[in-house]
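Engineer: I'd like to ask you about the structure that follows.
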Amino acid sequence: NCRSMRMVGKCYLDLDEGGKGVAKICEALRIEPCFVAAWHLLGEYHLDHNNILGGIQSFARARSINPRDWGAYFLMAEFFMRRGDYDIAIAEIKKLFFFEDDKEIRAEALNLIGYAHYLQGNLDDAGYYFNTAIVFNPSYALGYFNLGELERSRGRLEKAVHFYQETLKRDPHHIPSITQTGFTFLDLKKMDEAEEMFQIAIELDPEESSAYLGLSECSRSKRRYQEQLAYVKMAQKIVPDNSQILNYMGIAYQCNQNFDRAEQAYLASLKADPHNRKTANNLAYLYEKKYNRIKSEKEKKKLKSKAIAAWEVRLLACRSGGTSIRGAQNHLRNFGISNGEIDNLLRLGDVTELPMIQKLQDMTFDLD
């Protein structure tokens, strides 16, 4: 009965009926107070709704029932990872090492610690933990994949391909390794090999949107611009409001000389994610190109205003992402924005406070 109640509770949670779900889970726990899986589900619900104390208490109950409950440590660590509290996540997962001797679990824990370091930019530490993970469990595919990601971030593309291929030896259907191999081949200018990898990914999962984006880049490199746009539209049908896909759509429209649609796609991308600095960059350059070509002073004035607004988004998006703001600063200065005005912009709390971004929230876009 208590297992059935937990499952009913989970169904309610999946339907976003939290009150009913929590009531059923608590009913299951009244019948069986030592039901660890129910405490897990309750803890996850609390953490998903930012009730940190409730989550900690629920997982503490699970651990008090079974001190070797490694799942509770992973769930708590993953929660803190999502919040960006990487040091807390690492401390949480390291508790496992006091009692857990299972090599597969230790490998997973080491990999998670490595990933926390990777997200913080501590690449040497990340590499140490990823490598240690695969020493503990040489069959652990995700450890090899993360080593591939690490090497790609360092620009060691051939090494990255090697580790992606090692992942696929252990898990032939690991689609992220297939698509990342494709994108790495793109970086290496191996277009035919890249196209082959993206086609394999689609054969395994026709809903893999990133593979269509990869194919669009292959088409762009071969100057098949209509084909490029068609692939992006396939990706956008799968994930309609994805900022990255909409940015690719803007690029594709621009390659097809449809600048009005390109502008619409870039604006839709920024509406979906105002912090997408690549989109802001592409939109700003689009406005600059139109500004430099047009003769009408009235239209020039409008485009100048739009370009400045886009470079402002780029400026604050780069700042929040921890990347260089120099390029955006230079473009703003070229449009007559003073250093003092730029400094005032940088004092804003977030890119979402910019007028351009606020206006986008009430806009709809024609992307066909």
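Since every read-out is calculated from the coordinates, none of them should be taken as a lab result. If you're wondering where the values come from, they're calculated on a predicted model, not measured in any experiment. Here the Cβ is made from the backbone with ideal geometry for all residues, glycine too, and neighbour counts use every protein chain on show.
Engineer: Tell me, Kirkwood radius of segment 1-67 from alpha-carbon pair distances, in Å? Walk me through the intermediate numbers first.
Structural biologist: Values: mean 1/r = 0.0873 Å⁻¹.
For segment 1-67, the Kirkwood estimate is 11.5 Å.
Engineer: Now for a separate question. For segment 92-231, state the average projected area of the convex hull of the C-alpha atoms over all orientations, rounded to one decimal in nm².
Structural biologist: Value for segment 92-231: 9.1 nm².
Engineer: Between E158 and E341, what is 0.36 nm times their sequence separation minus the Cα-Cα distance? Round to one decimal in nm.
Structural biologist: On the way: separation 183, 0.36 × 183 = 65.88 nm, distance 4.47 nm.
Answer, rounded to one decimal: 61.4 nm.
Engineer: Okay, next question. Per-residue counts of other Cβ atoms within 10 Å, averaged by peptide: what ranking do you get for 16-24, 74-82, highest first? Write out the running numbers ahead of the final one.
Structural biologist: Working: 16-24: 15.1, 74-82: 19.6.
Result, highest mean Cβ count within 10 Å first: 74-82, 16-24.
Engineer: About its Cα centre, what dipole magnitude does the chain give when the only charges are +1 on Lys and Arg Cβ and -1 on Asp and Glu Cβ, stated in debye to the nearest 20?
Structural biologist: 1380
Engineer: Check each of the trypsin sites (Lys or Arg not before Pro) in segment 134-189 and keep only those in coil by DSSP with at most 12 other C-beta atoms within 10 angstrom; list them in order.
Structural biologist: Here the sparse-neighbourhood loop sites are R154, K189.
Engineer: Let me ask you something else. Taking only Cα atoms and a 10 Å spring cutoff, compute GNM fluctuations for the chain and point out the largest among V161, V135, V313.
Structural biologist: Most flexible of the set in this elastic network: V135.
Engineer: Pick from D14, D241, D102: which residue has the top mean-square fluctuation in a GNM of the chain where Cα pairs under 10 Å get a spring?
Structural biologist: Greatest mean-square fluctuation among the candidates belongs to D14.
Engineer: Given the options L315, L246, L213, state which has the largest fluctuation in a GNM of the chain using a 10 Å cut-off (strictly under) for Cα springs.
Structural biologist: L315
Engineer: Which of rounded, prolate or oblate describes segment 272-368 when judged by the alpha-carbon gyration tensor and an a/c cut-off of 1.5?
Structural biologist: It is oblate, given that a/c is not under 1.5 and a/b is not larger than b/c.
Engineer: When the helix-only estimate is applied to the chain (DSSP H runs of n ≥ 4, each -39,500 (n - 2.57), divided by the residue count), what is the mean residue ellipticity at 222 nm, nearest 500 deg cm²/dmol?
Structural biologist: Working: 21 runs with 281 residues, N = 368.
One gets -24500 deg cm²/dmol as the mean residue ellipticity at 222 nm.
Engineer: Quick one: the Cα spread of the chain along its three principal axes, in angstroms, biggest first?
Structural biologist: Projected onto its principal axes, the Cα set of the chain covers 77, 44, 38 Å.
Engineer: Work out the FRET efficiency for A23 and K300 from their Cβ-Cβ distance, taking R0 = 45 Å, and round it to the nearest 0.05.
Structural biologist: So, using R0 = 45 Å, E works out to roughly 0.10.
Engineer: Ranked highest first by average number of other Cβ atoms within 10 Å, how do 282-293, 138-149 line up?
Structural biologist: 138-149, 282-293
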